[in-house]
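One structure is given below, encoded as structure tokens.
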Amino acid sequence: MRLITVAIHTYDRAVALKNLLEKEGIETVLQNVNLEEPTVSSGVRVRIHERDLALALRVIENMDIFVARDVADNSDENVILVPVDFNDRTMNAVKVAFELAHEHSLDIKFMHTFIDPRPSVNVQLTPSLTYEVGDNKFRRQLEATAKTRMAHFADRVRDMLKAGLLPLVKFSTLVIEGVPEDAIVDYTKDYPPYMIVMGTRCAAQKEADMIGSVAAEVLDKCRCSVLTIPETATLDIDNNLRNIVFLTNLDQEDILALDTMSRIFVDTHANVRIVPIQGRKRFFEIRGARDSSERLLQYCRTNFSRFNFEIRNIDLEDGFERLEQLTEDGDIDLIVLPHKQKNIFARFFNPGMAHKILQSTDIPMLVIRV
């Protein structure tokens, strides 16, 4: 197996990185950059086997997470979070979430939020002291109603489990107060889940409420993978997940996203059509390939052999119509794309590809935070 260089550091930093990578099970070799005069150190190469590149990049890009493991005591990393609003469109997402949870030996957590629409009133007791007066009885009624609806929903899920319509997976429920998108994002910051699976409206209905879309806000703000399932779509992971479109920027984050996709769909053998979104950034060097797309294709075929990869060069910078044509012409079961977090200004004036897909298609989408 060929060795590749993932970093060049001073000796102390190279040793620290080597210890970290080996702690995560990655065999690591250090090599002096100045091979002609090894006693004169101009840097130390940190080298790993090519097969470990995806995991090594994940560790290097998130060193604070891997070094400070004790801060993740609140993690829900063995849980798939499923936001529910008790509409029928939720059930498609529920079925997919249970399939994934069963495949990975995870639990399900259903989450529902309620909002008290009545504003509180501040009463001035003294010049320096105010007292907030709210209708606590009304709020308790809202909370009780939400919990009752959640209990009915849980009974419905149990009936589906008994009937064999869902795989046997443990689940729990959570009801909290707050605006749905904010509550989901805040909760995942404190208790990061394995991933989020959520249902969405069909494309014909999403365009009217896109600015306030809960799914769009969650995609933008959450730091975990999010799988969206339109209400009209079916995604049977075990039987009909055969054709995937992977949108790429041709940079190293794509390797992390592909590795995540491979880990999520661990028993899937699908055709993956790689579609470069833009070609401005150079992919990392792999010897023997002619350009960035070929290097990526070569790496994928070598390290993700369960999938059949091909490159489809489509210029998406001229508009979204070409991607729509791609999804209409082909039998696409899932769209996967890496997604970098944007600030609020950029999200409002320049919505990303995930927003456009969410608004314009009825195809399930996996958005992987990189």
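The values are calculated or read from the model by the stated rules, or taken from the named source; none is laboratory data. The structure presented is a predicted model; accordingly, all values stated were derived computationally and were not measured. All Cβ positions, even for glycine, are placed from backbone atoms using ideal geometry, and neighbour counts span all protein chains on display. Quick note on the areas: whole protein, heavy atoms, side chains included, nothing else; ligands and nucleic acids left out. Shrake-Rupley method; radii C 1.70, N 1.55, O 1.52, S 1.80 Å.
Filtered by the rule that a residue be under 18 Å from S225 (Cβ atoms) and open to solvent by 20 Å² or more (accessible area, probe 1.4 Å), segment 187-202 gives Y187, K189, D190, Y191, P192, Y194, G199. For segment 39-64, filtering for residues that are open to solvent by 40 Å² or more (accessible area, probe 1.4 Å), out of contact with any Phe, Trp or Tyr (no Cβ under 8 Å at 6 or more places or on another chain) and either modelled with pLDDT under 80 or within 15 Å of V370 (Cβ to Cβ) (or both) leaves 10.
The sole residue among A257, A163, A183 that is of a type in the set (A, V, I, L, M), more than 15 Å from A97 (Cα to Cα) and without any contact (Cβ under 8 Å) to a residue 40 or more places away in the chain is A163. Going through segment 165-184 one residue at a time, which ones are open to solvent by 50 Å² or more (accessible area, probe 1.4 Å) and more than 15 Å from V94 (Cβ to Cβ)? E177, V179, D182 - these are the residues of segment 165-184 that are open to solvent by 50 Å² or more (accessible area, probe 1.4 Å) and more than 15 Å from V94 (Cβ to Cβ). For segment 244-269, the set of residues classified as modelled with pLDDT under 90 and assigned to a loop (DSSP other than H, G, I, E, B) consists of N249, L250, D251, Q252, V266, D267, T268, H269, listed by residue number. When E36, E77 are checked against the criterion of being outside any loop (DSSP other than H, G, I, E, B), at pLDDT below 90, out of contact with any helix residue (DSSP H, G or I) (no Cβ under 6 Å at 6 or more places or on another chain) and open to solvent by 60 Å² or more (accessible area, probe 1.4 Å), E77 stands alone in meeting it.
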